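First up is the structure itself, then whatever we jot down about it.
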Amino acid sequence: MTWVSIDLCVVPIGVGVSLSPFIAACQRQIAQSGLKSQLGPNGTAIEGPWDEVMACVHACHQELHRMGAPRIYTTLKINTRTDREQSFEDKVNAVERCLKV
């Protein structure tokens with residue numbers, strides 16, 4: 001099983017200026033997936049098994065289309081490791097430790 005950590009930014013196009021209802025709907029899909037996630041100001045970090053994470057991204061797209069978004073532009077940063085396990089909190093903590101030096 002491949003473990004993956006992603007940064008997901010989903011932008012529905014053709015739905016007006018306010019995107020928060022669409023982002024909230026995507027967040028509900030992420031929560032329903034049961035995957036570990038962290039909402040940020042410009043995207044959401046999600047981690048878990050590759051297939052489950054990608055299914056979650058697909059579910060977000062399906063929900064936003066169901067809500068009436070005719071087009072969705074998504075940026076996705078993908079990180080995998082084979083040498084050791086590392087959560088997104090581990091990565092942030094490593095940088096924060098360096099800042100204290």
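With respect to the conditions (1) farther than 18 Å from Met1 by Cβ; (2) part of a helix (DSSP H, G or I); (3) open to solvent by 30 Å² or more (accessible area, probe 1.4 Å); (4) of a type outside the set (D, E, K, R), Ala55 lacks only one, and its number is (1). Here Phe88 meets each of (1) surrounded by 15 or more Cβ atoms within 10 Å (Cβ to Cβ); (2) modelled with pLDDT of 95 or more with one exception, condition (2). With respect to the stated conditions, Gln32 fails to be polar (S, T, N, Q), within 17 Å of Phe88 (Cβ to Cβ) and open to solvent by 40 Å² or more (accessible area, probe 1.4 Å).
Scan the stretch 58-69 for residues that are open to solvent by 60 Å² or more (accessible area, probe 1.4 Å) and either of a type in the set (S, T, N, Q) or part of a helix (DSSP H, G or I) (or both) and jot them down. Scanning the stretch 58-69 gives His58, Gln62, His65, Arg66. Here the condition is being within 15 Å of Ile6 (Cα to Cα) and assigned to a strand (DSSP E or B); of Ile72, Ile78, it holds for Ile78 alone.
The values are calculated or read from the model by the stated rules, or taken from the named source; none is laboratory data. Please read these numbers as outputs of a predicted model, since none were measured by experiment. When we count neighbours, we look across all protein chains shown, and the Cβ atoms used for this are built from the backbone with ideal geometry, even at glycine. These accessible areas exclude ligands, DNA and RNA; they are computed on the full protein's heavy atoms, side chains included. Shrake-Rupley method; radii C 1.70, N 1.55, O 1.52, S 1.80 Å.
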